[in-house]
Amino acid sequence: QVHVVESGGGLVQAGDSLRLSCAASGRSFSTNTMGWVRQAPGKEREFVACVGYFGGRTNYAESVKGRFAISRDNAKNTMFLQMNSLKPEDTAVYYCAGSRTTRQITTTSEYDYWGQGTQVTVSS
């Protein structure tokens, strides 16, 4: 079992940057796909990005391509989401999500465990 905790959220202005972190504990972190999912008020959870084992493969939602970058440091059991050129529509609770597979996962329901989330608010 892997336990994950997010950090790094906050209130920023449009155009600013934030870096989210996800600290994980567990023996399978480095071999399984991890991802970021967000949920805006009144909306369903939305896939943001995922990174494969050893950080070699990534996938992004169209809405964040070119602005967000996902990465992982397996030696520190940590995953990151660098968010640049933030927009008000990026406002959401961002969740770190983990899986028990090495394949890329872009469907939120296929993740196996979740953190508590960190709030990101982007003002216009």
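Using the structure shown, decide if Thr91 is open to solvent by 10 Å² or more (accessible area, probe 1.4 Å), over 10 Å from the mean Cα position of the chain (by Cα) and modelled with pLDDT under 95. So Thr91 fails the test.
Set side by side, the residues Gly52, Gly115 differ, and just one is open to solvent by less than 40 Å² (accessible area, probe 1.4 Å), at negative phi, touching a residue at least 40 places away in the same chain (Cβ under 8 Å) and within 12 Å of the chain's Cα centre (by Cα), which is Gly115.
The number of residues in segment 45-92 being in a strand (DSSP E or B) and of a type in the set (Phe, Trp, Tyr) comes to 4.
A quick yes/no check of all residues on (1) aromatic (Phe, Trp, Tyr); (2) closer than 17 Å to Thr102 by Cβ; (3) touching a strand residue (DSSP E or B) at 6+ places or on another chain (Cβ under 7 Å):
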{"position": "Val2", "(1), (2), (3)": "no, yes, yes"}
{"position": "Leu11", "(1), (2), (3)": "no, no, yes"}
{"position": "Leu18", "(1), (2), (3)": "no, no, yes"}
{"position": "Thr33", "(1), (2), (3)": "no, yes, yes"}
{"position": "Gly56", "(1), (2), (3)": "no, yes, no"}
{"position": "Phe68", "(1), (2), (3)": "yes, no, yes"}
{"position": "Asn74", "(1), (2), (3)": "no, yes, no"}
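Taking every residue in segment 14-25 that is at positive phi and pairing it with any residue that is in a loop (DSSP other than H, G, I, E, B) and of a type in the set (Ser, Thr, Tyr), at least 6 positions away or on another chain, the pairs with Cβ-Cβ distances below 7 Å are Gly15/Ser85. The residue that is farthest from Asp16 (Cα to Cα), among those in segment 60-81 that are open to solvent by 30 Å² or more (accessible area, probe 1.4 Å) and within 11 Å of the chain's Cα centre (by Cα), is Arg72. Within segment 7-20, being open to solvent by less than 30 Å² (accessible area, probe 1.4 Å) and within 12 Å of Tyr95 (Cα to Cα) holds for one residue alone: Leu20.
The values are calculated or read from the model by the stated rules, or taken from the named source; none is laboratory data. The model shown is predicted, which means the values in this text are computed figures rather than measured ones. No Cβ is skipped: glycine too gets one built from the backbone with ideal geometry, and neighbour counts run over all protein chains shown. Just the protein is used for accessible areas: all its heavy atoms, side chains included, with ligands, DNA and RNA removed. Shrake-Rupley method; radii C 1.70, N 1.55, O 1.52, S 1.80 Å.
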